[in-house]
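Since the structure comes first, as structure tokens, the remarks are kept for the end.
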């Protein structure tokens with residue numbers, strides 16, 4: 001099956017369900033009844049990879065390579081331009097194999113000529129493919145996606161994954177732009193986050209379990225009846241953020257994604273250590289079900305509610321939010337303890353001194 005048809009099938013099957021939501025119920029921010037702040041001065045700006053952005057949101061990789069992908073990317077690029085958000089395109093391999101597919105990716109740069117646009121290609125790529133992907137859209141950064149679980153269910157998927165870290169190290173040295181490594185929905189443990197940090201990547205996107213489920217999508221595409229247990233494989237989004245945050249240095253930014261689109265969950269992800277939060281399945285669903293104007297309204301609402309939440313924790317900036325205390329309980333706290341991480345440290349953060 002060609003890659004273009006596969007992309008459209010991914011969209012079709014993902015639209016069979018309402019956007020899936022990650023579970024942050026074990027994480028609670030603490031209300032501050034004496035916030036020494038002016039709501040109109042709450043600042044959502046966040047800095048990473050040498051740039052400052054107006055909010056901690058970005059539009060994560062969705063699609064490309066088809067007429068439908070062209071339409072979706074054009075609409076998303078318009079939203080990204082309106083809000084000043086970075087945007088990642090979907091995997092560009094189809095366009096690297098056939099120039100006929102390039103337009104569906106190049107449209108993003110045409111509509112948002114001065115925006116932060118990120119290229120995207122799989123971990124199988126060699127440095128030459130990465131350079132071609134970056135040049136195609138004049139990308140400001142490149143995502144290398146990790147999707148072993150997805151590939152193993154695809155009838156035409158990869159089965160050999162040797163040498164990923166060494167390839168990523170070579171890409172970091174030759175790409176000429178920041179390199180982001182992202183999971184596609186199965187999470188990232190601290191051991192792999194540490195390997196990527198040592199490889200020199202500029203950011204990791206944990207892509208936790210909780211959003212679009214590619215095991216379910218690929219099993220439907222292939223007509224394979226996966227067991228219920230396997231369909232839930234992966235590290236939950238909140239836990240994946242905690243795992244990665246425990247080992248990443250300041251030079252490697254932590255991005256969070258995987259079913260995060262509610263303002264409270266976004267605030268929790270940031271408080272757990274994420275520098276930015278990616279939206280993918282949610283904006284796709286809004287675009288195709290309700291239209292571009294509805295997505296614009298929803299992002300406006302997210303940003304307003306995020307400011308409210310920051311105000312109610314006494315945090316005037318995203319950096320301050322990451323110092324506010326939060327309580328971690330339940331399964332998440334148990335996981336942390338078994339992995340040698342202390343949930344009490346989060347609850348004992350000093351917060352502000354009011």
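The values are calculated or read from the model by the stated rules, or taken from the named source; none is laboratory data. Just so it is clear, the structure is predicted and the values come from calculations on it, not from any experiment. Don't worry about glycine lacking a Cβ; one is built from the backbone with ideal geometry, like all the others, and counts go over all protein chains shown.
Observations on the structure shown:
- Verdict on residue 130 being touching a helix residue (DSSP H, G or I) at 6+ places or on another chain (Cβ under 6 Å), crowded, with 18+ Cβ neighbours inside 10 Å, at pLDDT 95 or above and under 25 Å from residue 244 (Cβ atoms): yes
- Residues considered: 196, 270, 215. Of these, the only one that is surrounded by 21 or more Cβ atoms within 10 Å (Cβ to Cβ), in contact (Cβ under 8 Å) with a residue 60 or more places away in the chain and touching a strand residue (DSSP E or B) at 6+ places or on another chain (Cβ under 9 Å) is 270.
- Restricting attention to the range 162-188 and to residues that are at positive phi and touching a strand residue (DSSP E or B) at 6+ places or on another chain (Cβ under 7 Å), the residue that is surrounded by the fewest Cβ atoms within 10 Å (Cβ to Cβ) turns out to be 187.
- Test: residue in the range 111-122 that is assigned to a helix (DSSP H, G or I), crowded, with 23+ Cβ neighbours inside 10 Å and modelled with pLDDT of 95 or more: no
- Every condition in (1) closer than 15 Å to residue 27 by Cβ; (2) without any contact (Cβ under 8 Å) to a residue 40 or more places away in the chain is met by residue 229 except one, and the failing one is (1).
- Of all residues in the range 224-259, those satisfying the criterion of being touching a helix residue (DSSP H, G or I) at 6+ places or on another chain (Cβ under 9 Å), assigned to a helix (DSSP H, G or I) and surrounded by fewer than 23 Cβ atoms within 10 Å (Cβ to Cβ) are 230, 231, 245.
- Within the range 162-191, considering residues that are in a loop (DSSP other than H, G, I, E, B) and within 23 Å of residue 257 (Cα to Cα), the one farthest from the chain's Cα centre (by Cα): 177
- If the condition is being in a helix (DSSP H, G or I) and either in contact with a strand residue (DSSP E or B) (Cβ under 9 Å, 6 or more places away or on another chain) or free of Cβ contacts under 8 Å to residues at least 12 places away in the same chain (or both), then the range 283-303 contributes 283, 290, 293, 294, 297, 299, 300, 302, 303.
- Taken over the range 13-51, residues that are part of a strand (DSSP E or B), in contact with a strand residue (DSSP E or B) (Cβ under 7 Å, 6 or more places away or on another chain) and under 22 Å from residue 201 (Cβ atoms) amount to 2.
- The condition of being more than 27 Å from residue 226 (Cβ to Cβ), in contact with a helix residue (DSSP H, G or I) (Cβ under 9 Å, 6 or more places away or on another chain) and surrounded by fewer than 23 Cβ atoms within 10 Å (Cβ to Cβ) holds for only one of 159, 71, that being 71.
- Only listed residue being within 16 Å of the chain's Cα centre (by Cα) and over 20 Å from residue 346 (Cβ atoms), chosen from 230, 284: 284
- In the range 132-157, the residues that are outside any helix (DSSP H, G or I) and in contact with a strand residue (DSSP E or B) (Cβ under 8 Å, 6 or more places away or on another chain): 138, 139, 140, 141, 142, 143, 144, 145, 146, 147
- Listed conditions (1) within 28 Å of residue 155 (Cβ to Cβ); (2) surrounded by fewer than 24 Cβ atoms within 10 Å (Cβ to Cβ); (3) in contact (Cβ under 8 Å) with a residue 60 or more places away in the chain are all met by residue 262, apart from (1).
- Cβ pairs under 6 Å, 6+ apart, first in the range 74-86 and under 18 Å from residue 44 (Cα atoms), second at pLDDT below 95: none
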